[in-house]
Each structure stands twice: as structure tokens, then as C-alpha cells.
Amino acid sequence: MDLTENCILNHDEINHKVKRIAYQIYETNVEEQEVILAGIESNGYLFAEKLRAALVEICDINPVLCKVSIDKRNPTNPITTSLTKEAYTNKSLVLVDDVLNSGTTLIYGVKHFLDVPLKQFKTAVLVNRNHKKYPVKADFKGISLSTSIHEHISVIFTGKKTKVILE
């Protein structure tokens with residue numbers, strides 16, 4: 001069986017989605033001095049870096065990056081972050097990933113950050129696939145796709161070759 005590749009979002013379209021989500025994050029946090037962008041390693045973190053760059057361009061909020069390491073095959077394993085718990089306690093936090101598929105990675109990421117009090121907690125994804133098995137949603141999303149469970153979404157963050165493809 002041959003896999004065909006369909007480009008869902010190209011470089012310019014992704015940049016547009018990033019900017020739109022950055023504006024939504026700003027509007028939600030307009031009273032804040034700082035917002036934590038907690039990107040799930042690896043593509044979620046790359047997406048968080050793009051959101052940070054867009055936020056720096058459009059507002060005075062200090063976006064702080066946090067790398068979140070989750071074992072996606074065994075999400076019950078300990079989760080680590082590049083920031084200490086004190087660094088995000090009582091702050092506004094956005095958990096960022098590239099694709100929301102079943103919701104497993106996002107729900108365990110949410111669980112980790114609930115160990116400390118937060119001022120506000122939101123989630124952001126570039127692609128929402130709507131195949132959730134957990135009650136988690138994306139507060140900010142670039143695109144929602146109705147796909148079959150057998151199709152695969154790949155997000156490639158490589159310079160001008162940045163794209164979202166459906167295989």
C-alpha cells in the first residue's frame with residue numbers, strides 16, 4: 001500500500017496560524033507581565049519557540065520557554081521540565097504541543113503542572129485531530145482536522161520547509 005502525502009499547511013500558513021495563536025494568548029493574558037510557554041519535547045517545544053517569537057513581536061508580555069519532557073510511550077513515567085516548580089508557581093501557563101491526537105500526552109502534561117497553583121492554565125496545539133480518549137481540549141488551535149485513525153499527521157519545523165502533512 002502506497003502512502004500518499006498531502007500538504008495540509010505550508011510554511012506561510014503555519015506562520016499565519018502561529019501569529020493568530022500568539023494574539024489569542026496575548027488577549028487571554030493581557031493583564032500579565034509574564035506567561036510560561038511549556039512546550040512538549042520535541043515538536044511542541046519548537047512550536048512554543050515560534051509562539052514566543054511571535055509574542056515578542058506583538059506585545060510587552062515576557063514569554064518564558066519551558067521544555068517539558070514526557071515519555072510518550074509510557075506517559076506515567078516521571079515528567080521533567082527545564083524550569084523549577086517555583087518558576088511557574090502562580091503564573092499563567094500555556095502547555096504547547098504540535099498535534100493533539102488521543103490527548104494522552106497533553107493530559108499527562110496537564111496532570112504534571114497541577115502539582116502547583118497556577119494563575120491560569122491553557123493548552124495550545126497546531127493541529128487538533130479530534131481522536132481524543134481523554135477529556136482534554138486545545139484552548140488555542142491552528143487547525144482542526146477530521147482524519148481517520150489510520151492516517152498520520154507529521155509536523156516538520158525546518159526553515160522554509162516547515163509544513164504539516166497528512167500521510
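Under 16 Å Cα to Cα from residue 137, which aspartates and glutamates show up? Leave out anything in the same chain fewer than 8 places away.
Here the aspartates and glutamates satisfying the reach criterion relative to residue 137 are 97, 98.
Which order do 59, 7 take by accessible area at a 1.4 Å probe, largest first?
Of 59, 7, the descending order of accessible area is 7, 59.
So, for the chain, what is the accessible surface per residue at a probe of 1.4 Å, expressed in square angstrom?
Values: 8840 Å² over 167 residues.
It amounts to 53 Å² per residue over the chain.
For segment 115-164, take the convex hull of the Cα atoms, compute a quarter of its surface area, and give me that in nm², please.
Convex hull of Cα atoms, orientation-averaged projection: 5.4 nm².
Where in segment 29-55 is the amide nitrogen less than 20 Å from a point lying 7 Å along the Cα-to-Cβ axis of residue 69?
Those under the cut-off are 37-49.
Would you please give the FRET efficiency between residue 90 and residue 167, computed as 1/(1 + (r/R0)^6) with r the Cβ-Cβ distance and R0 = 35 Å, to the nearest 0.05?
Using R0 = 35 Å, I get an efficiency of 0.25.
Of all the accessible heavy-atom surface of the chain, with the other protein chains kept in place and a 1.4 Å probe, what percent is carbon and sulfur?
47 percent
With charges set only on the Cβ (+1 for Lys and Arg, -1 for Asp and Glu), what does the dipole of the chain come to about its Cα centre, in debye to the nearest 20?
280 debye
Stretched out fully, how many nm does the piece from residue 28 to residue 149 gain, at 0.36 nm a residue minus the Cα gap? Walk me through the numbers on the way to the answer.
On the way: separation 121, 0.36 × 121 = 43.56 nm, distance 3.24 nm.
Difference between extended and current length: 40.3 nm.
Beyond 29 Å between alpha-carbons counts as too far, so tell me which of 50/119; 17/67; 119/160 fall in that bin.
119/160
Taking the inverse of the average 1/r across all pairs of different Cα atoms in segment 1-89, what Kirkwood radius in Å do you get?
14.7 Å
Consider the candidate values (1) 0.96; (2) 1.40; (3) 1.01; state which one is Cα Rg over 2.2 N^0.38 Å computed from the structure displayed.
For Cα Rg over 2.2 N^0.38 Å, the calculated option is (3).
With all protein chains present and a 1.4 Å probe, how do 88, 108 order by accessible area, largest first?
Values: 88 0, 108 55 Å².
The ranking, largest first, comes out as 108, 88.
Run lengths n ≥ 4 of DSSP H only: what is the helix-derived mean residue ellipticity at 222 nm for the chain, with -39500 (n - 2.57) per run over all residues, to the nearest 500? Don't skip to the answer; put the middle values down first.
Values: 4 runs with 48 residues, N = 167.
Computed mean residue ellipticity for the chain: -9000 deg cm²/dmol.
The values are calculated or read from the model by the stated rules, or taken from the named source; none is laboratory data. Everything numeric in this text was worked out from a predicted model, so none of it was measured. Positions of Cβ are backbone-derived with ideal geometry, glycine not excepted, and every protein chain shown enters the neighbour counts. Surface accessibility is based on the protein's heavy atoms, side chains included, excluding ligands, DNA and RNA. Shrake-Rupley method; radii C 1.70, N 1.55, O 1.52, S 1.80 Å.
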